[in-house]
Amino acid sequence: MTQIADGQYRGAVVYADFSESRGGLAADSPLNFNEVRDLASFGSRHDGLVMESTPRKFYAFFPIAKDALAMAREIAEVVFRVRTDLSRLNLDVRVIIGYGQVSLEQGRLRSDWTHQLSGLVTSVPQNGVAALRDFIGQFPHNGIIPAPRPSARSDLFILPMVEVTEDQETRMAGLGGGADGVFLTLTLRVRGQSQTFRSSDCPILVGRDKTCGVQVSGEKASRVHGRIEFEKDKFYYVDDSRNGTYVLTGGGQEILIKQEKIVLAGDGAISPGAPLAKQSGEVVRFSCKASHLGMAGESAEEGDTRMMRTEQH
């Protein structure tokens, strides 16, 4: 176990919150004994002082920011590996990293900011890792790769974590269980340029503002027109605008949503503020790869967006 002497420090704190649904009910112990032990061991290996490692929470202090980043990656990778087991598909984690002045007294961590992490972690996307601005500032000159992405909060940045191998992606493609399927990757194309996103990249802001992960122009497009979220193993587009968003679904139907969300599946388009036929700005084309493996005789329309209702958010 890492030993850090009492005193004043500047460093990083990693806070992770675990949850798992079993039979429709929240599990009391999302992580098992071995998983809890392994995370505590990883924390010490990365020169961290582990304050708490339980089936529901991981909380540790790291004097060096890059060690905290490495620990966050360990947590994300552990959960991803566990989720490749069909029986553990509902295990979820949210991880947040902060940085600042702390005081260590008899193995206890004291500060005027670390207590906020347990509340802020709820703003982190499901199975995502995020960091506060002060932590990002410890990595000048694009020191975090892949680069952090803005979130809906100005002080919180999404950190893409897990690199999925082709073999793992194929394995995850067989995990679904629900009739709606499980979606793994989302490709967005604007002005002929394509980007592929995974769940850990969410939320992805769409709008005119330069901080948006997907920038669009157009008279009817807002600065932050909407966002793409990953929730319950699906990508959703969420409209946050006055003018609404027209979504061309995988089934060929154009749907107007206002302050609502819709599942993205198959191939379609997102048109901010105007129907596709009247759009003066950019349209965001999307292609969502479903984990549902097609079987002989199965309808090609099964699982596409037009089979799923929009939901008020």
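Has segment 236-249 got any residue that is in contact with a helix residue (DSSP H, G or I) (Cβ under 8 Å, 6 or more places away or on another chain) and not in a strand (DSSP E or B)? Lay out the reasoning, then the answer.
As a first pass, look at segment 236-249 and keep what is in contact with a helix residue (DSSP H, G or I) (Cβ under 8 Å, 6 or more places away or on another chain): 246-249.
Now restrict to residues that are not in a strand (DSSP E or B): 249.
Within segment 236-249, one or more residues are in contact with a helix residue (DSSP H, G or I) (Cβ under 8 Å, 6 or more places away or on another chain) and not in a strand (DSSP E or B).
When the residues of segment 113-125 are filtered to those that are more than 16 Å from the chain's Cα centre (by Cα) and in contact (Cβ under 8 Å) with a residue 60 or more places away in the chain, the one that is surrounded by the most Cβ atoms within 10 Å (Cβ to Cβ) is Leu117. Screening Gln116 on (1) out of contact with any strand residue (DSSP E or B) (no Cβ under 6 Å at 6 or more places or on another chain); (2) within 24 Å of Asp28 (Cβ to Cβ); (3) not charged (D, E, K, R) shows it passes everything except condition (2). Selection of segment 198-227 for residues being open to solvent by less than 10 Å² (accessible area, probe 1.4 Å), hydrophobic (A, V, I, L, M, F, W, C) and either assigned to a strand (DSSP E or B) or out of contact with any strand residue (DSSP E or B) (no Cβ under 9 Å at 6 or more places or on another chain) (or both) yields Ile204, Val206, Val214.
Which ones in segment 102-125 are in a strand (DSSP E or B) and modelled with pLDDT of 95 or more? Correct list: Val102, Ser103.
Hey, any hits in segment 96-115 for a residue that's among the aromatic types (Phe, Trp, Tyr) and in contact with a Gly (Cβ under 6 Å, 6 or more places away or on another chain)? Yes: one or more hits. Per the conditions (1) surrounded by fewer than 20 Cβ atoms within 10 Å (Cβ to Cβ); (2) part of a loop (DSSP other than H, G, I, E, B), the sole criterion not satisfied by Ala269 is (2). Scanning segment 36-49 for residues that are surrounded by fewer than 20 Cβ atoms within 10 Å (Cβ to Cβ) and either of a type in the set (A, V, I, L, M) or in a helix (DSSP H, G or I) (or both) turns up Val36, Arg37, Asp38, Ala40, Ser41, Ser44, Arg45.
Please go through segment 22-37 and give me each residue that is within 14 Å of Val79 (Cβ to Cβ), within 22 Å of the chain's Cα centre (by Cα) and not aliphatic (A, V, I, L, M), ordered by number. Within segment 22-37, Pro30, Glu35 qualify.
Just one of the listed residues (Tyr59, Tyr99) is open to solvent by 10 Å² or more (accessible area, probe 1.4 Å), within 21 Å of Ile145 (Cβ to Cβ) and in a strand (DSSP E or B), and it is Tyr99.
When restricted to residues that are open to solvent by 80 Å² or more (accessible area, probe 1.4 Å) and out of contact with any Ser or Thr (no Cβ under 7 Å at 6 or more places or on another chain), segment 19-33 contains 5. State yes or no: is Thr54 among the β-branched types (Val, Ile, Thr), over 20 Å from the mean Cα position of the chain (by Cα) and either open to solvent by 20 Å² or more (accessible area, probe 1.4 Å) or farther than 27 Å from Arg108 by Cβ (or both)? For Thr54, the condition - among the β-branched types (Val, Ile, Thr), over 20 Å from the mean Cα position of the chain (by Cα) and either open to solvent by 20 Å² or more (accessible area, probe 1.4 Å) or farther than 27 Å from Arg108 by Cβ (or both) - is met.
Outside any helix (DSSP H, G or I), in contact with a strand residue (DSSP E or B) (Cβ under 7 Å, 6 or more places away or on another chain) and at pLDDT below 90: is that true of Ala147 in this structure?
no
For beta carbons closer than 7 Å, sequence separation of 6+ or different chains, a first residue in segment 261-275 that is without any contact (Cβ under 8 Å) to a residue 60 or more places away in the chain and a second that is of a type in the set (Val, Ile, Thr) and open to solvent by 10 Å² or more (accessible area, probe 1.4 Å), the qualifying pairs are Lys261/Thr310; Ile262/Ile255; Ile262/Thr310; Ala269/Val283; Ser271/Val283.
Only residues that are more than 30 Å from Leu89 (Cα to Cα) and either without any contact (Cβ under 8 Å) to a residue 40 or more places away in the chain or assigned to a strand (DSSP E or B) (or both): list them for segment 126-144, please.
Restricting attention to segment 126-144, the residues satisfying the condition of being more than 30 Å from Leu89 (Cα to Cα) are 133-143.
Selection gives Arg133, Asp134, Ile136, Gly137, Pro140, His141, Asn142, Gly143.
The values are calculated or read from the model by the stated rules, or taken from the named source; none is laboratory data. Quantities reported herein were computed from a predicted structural model and do not represent experimental measurements. Here the Cβ is made from the backbone with ideal geometry for all residues, glycine too, and neighbour counts use every protein chain on show. The protein model used for the area step is the full one, side chains on, heavy atoms only, and it has no ligands, DNA or RNA in it. Shrake-Rupley method; radii C 1.70, N 1.55, O 1.52, S 1.80 Å.
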